[in-house]
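Here is the structure we will look at, set down as structure tokens.
The values are calculated or read from the model by the stated rules, or taken from the named source; none is laboratory data. Small disclaimer: the values here were computed from a predicted structure and weren't measured. Methodologically, a virtual Cβ is constructed for each residue, glycine included, from the backbone with ideal geometry; neighbour enumeration extends over all protein chains shown. Surface accessibility is based on the protein's heavy atoms, side chains included, excluding ligands, DNA and RNA. Shrake-Rupley method; radii C 1.70, N 1.55, O 1.52, S 1.80 Å.
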Amino acid sequence: MLASFKDAGFCALFAAVGLTVNLTWCTLAGHTPGFTNALASLDVPVNPRAFFLMGILVMSVVFTVLPRKAREVDASLWPAVALLACMGTACFAIASSQSAFSPAVLSIGGLLLFGIGYFWLTARFVLLLARTQTYSCTIACLAFSLIVEPMLVAFVEHSLHAELQVSIVVLMPILSAALFQCARHAALKQRSSEKGSGRTVFGIPSRPRTPSAAEGRSDTSNALILIAAASLLLATVRSLSFVGLWGEGHMDAAGEPSMTSNPLLWLGYAAGLAVFSYAALGRTANWSLRLRFQPSFVTIIITLSVSMILAGDPHADPALLDTLMRLNDSFSHLMFWAVVSILLDISATPSYRVIGIGASLYSAGSIAWVLFLGNADAVENLIVIVVIYVLAMASMHYSWNKREGENEPSPSATNVTDALEKRCAEVSEAYKLSPRESEILVLLAQGRTRTYIQEELVLAENTVKSHVAHIYTKLGVRDRQDMIDIVLDVAENKAELKGQKDEEPQRR
């Protein structure tokens, strides 16, 4: 995992720092003393975090319903989104100290913009890492941000006065957007010298799909079950941790020290998160999807159970309890984004839709906890998590067995597919097709429609038509049937076909 992080270079560094800024931004706005008045000004019967989550839900639904449009406008809209996030955070911060608008209205509007901006900026970092770097690098960057964020939050809370805290938090979306641009440029420089897959993200050639991902694309249904389970798991666990309800401080409130008050506890937290990232997520990378996240689920359930036992012990160390709850929350956070990263790799679903589905389920589940289930007993929450785990595993086992029994491709079918892709590669080399044209050639030879190609490669309709026209021109054919004839013959007559193509202009 560390090797993957090192190979990614500055891209991983900027992304990890950017993700840390995002987490710190959210935590400080929800818990820091600088925002205490803003939280108190909301005279509503629900926790303020519900409105922040509604902002995430709105943006995630847009990603789910309009993935292509979200991708197309990203390059032009991201500066505006960063500024709106700053404005939203500022509106939330100053709501109680102004009289021009209703404090509640200004706070709620600011929180909605806050949630929209937070989700957009975080999704961009994860998408960049998942599509241009390895899975291990993505997990390492997320783990780094979760390890550093508590200490950074503690430093800001203890070292800066309230007004300065608010000023820094308001500017954090701009810093996050700037770090993303640095990460993007670093990834572009890194990928420009490497062979891409024909797919692009933020104008950067994506890394080729991993072999296990290519084989696992028939497991998309299992991945969708996993993302639903991971989303609901994260929503449930966060309902029990200090981040679940805004306004519940995690400093030395009421004489109860937190994890960051003891360096040894923080080191234990960092070590636990590193071990979880490596053992439960990294070492299981080659397992089938129905088994891959079982260690993660079990670890989260065990950690939550221990936390519940300590919570019921009046003599338990509050700082230790805080550490375990943070650890449990971070495990769930890591697992959620790990599932999203895998689905981005193995699924033909547009990337923005994948992230949108996961975030929609998480935000909707979290809102439900805040509005209706926030006062549920801890045992009830544990039961919910166990039920989520059992249902997810049962669904995946059913899906897996059904696929093996009914839909598993035969060896001969696999051989035909491999041969077709090999012949398409030979055609691409012989006729000097671009990487994007080569990828479209494979899909055309497989009989895919233009609509399917648009969804698979996240391209506009006119862009697909243009690429297909270029392929036909380079191959000297008029329709798909003539193209397939060349693909089927090229393995045996590659040199002859190339020679005929070069002689055609001379004959004319």
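Inter-label distance, SER466 to TYR452: 2.5 nm, where each label sits 7 Å from its Cα along the C-beta direction. Extending 7 Å from Cα along the Cβ direction at ALA80 and again at ALA425 yields two label points whose distance is 4.4 nm. Under the simplified labelling scheme, the ALA100-THR473 pair shows an inter-label distance of 5.5 nm, with each label point 7 Å from Cα along Cα→Cβ.
Specify whether the C-alpha gyration tensor of segment 70-150 places it in the rounded, prolate or oblate class, a ≥ b ≥ c being the square roots of the eigenvalues: rounded for a/c under 1.5, otherwise prolate if a/b is larger than b/c and oblate if not.
Cα axes put segment 70-150 in the oblate bin.
Scan segment 283-364 for trypsin sites (Lys or Arg not before Pro) in coil per DSSP, keeping those whose Cβ has at most 16 other Cβ atoms within 10 Å, and list them by number. Sites meeting the loop and neighbour criteria: ARG283. By accessible area, using a 1.4 Å probe on protein heavy atoms only, segment 266-353 has 67% of its surface on carbon and sulfur.
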